[in-house]
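Please treat every number below as a calculation from the coordinates, not as lab data. Everything numeric in this text was worked out from a predicted model, so none of it was measured. Neighbour counts are summed over all protein chains in view; Cβ atoms, including those assigned to glycine, are modelled from backbone coordinates with ideal geometry.
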Amino acid sequence: MNLEEIKDLIKLVSKSGLGKVEIEREGFRISIKGSQTEPIMYQAAPVATAPVAAAPVVTNVAPVTTENNENSTENSRYITVKSPMIGTFYRTPGPDKDAFVNVGDTIQKGDKVCIIEAMKTFNEIEAEISGKIIKVLVDNASPVDYDQPLFLVDPA
């Protein structure tokens, strides 16, 4: 059952005034209860999908409003490398290994800059731009959210 079929089923229950609708198929069960409020949807045995490592999102840094306008102007020329997924950020490939990149390192497009562990899968994140690492914005072994800034890079 796809998302559109589920949406249509919810609309049918809400418009028709039915009390409850249950559908069960192999490995999938949905129960929709109609009421005065929003319908409640339950799903058992969700279908697992393999995690897909997305490319890091790269955007220009918005100028930071501070009392020091020189710092604000300086930060506006840097590019932020953001997390392409939710997970745990690792600067090193292993506990006894050196960091992929450090402040001051020059990176090229395609260089590995970190690992993000998501659902027990270690995803190597590659640089989408070339430049110099200005700042590492996340501590090692810290949780990160989707689109969270990881590094500041000077593309010059």
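Which ordering of LYS20, LYS82 is given by a fewest-first count of other beta-carbon atoms within 10 Å?
LYS20, LYS82
Run the reach check for LYS109 against lysines, Cα to Cα strictly under 24 Å, same-chain hits fewer than 8 apart removed. What comes back?
By straight Cα distance, LYS109 reaches LYS82, LYS97, LYS132, LYS135.
Give me the percent of Cα-Cα pairs in region 110-156 that sit more than 14 Å apart, rounded to a whole number. Don't skip to the end; give the middle numbers.
Numbers: 598 of 1081 pairs.
Above the 14 Å cut-off, region 110-156 has 55 percent of its Cα pairs.
Near LYS20, which lysines are there with a Cα under 19 Å away, not counting those fewer than 8 places off in the same chain?
Within the straight-line cut-off, LYS20 pairs with LYS7, LYS11, LYS33.
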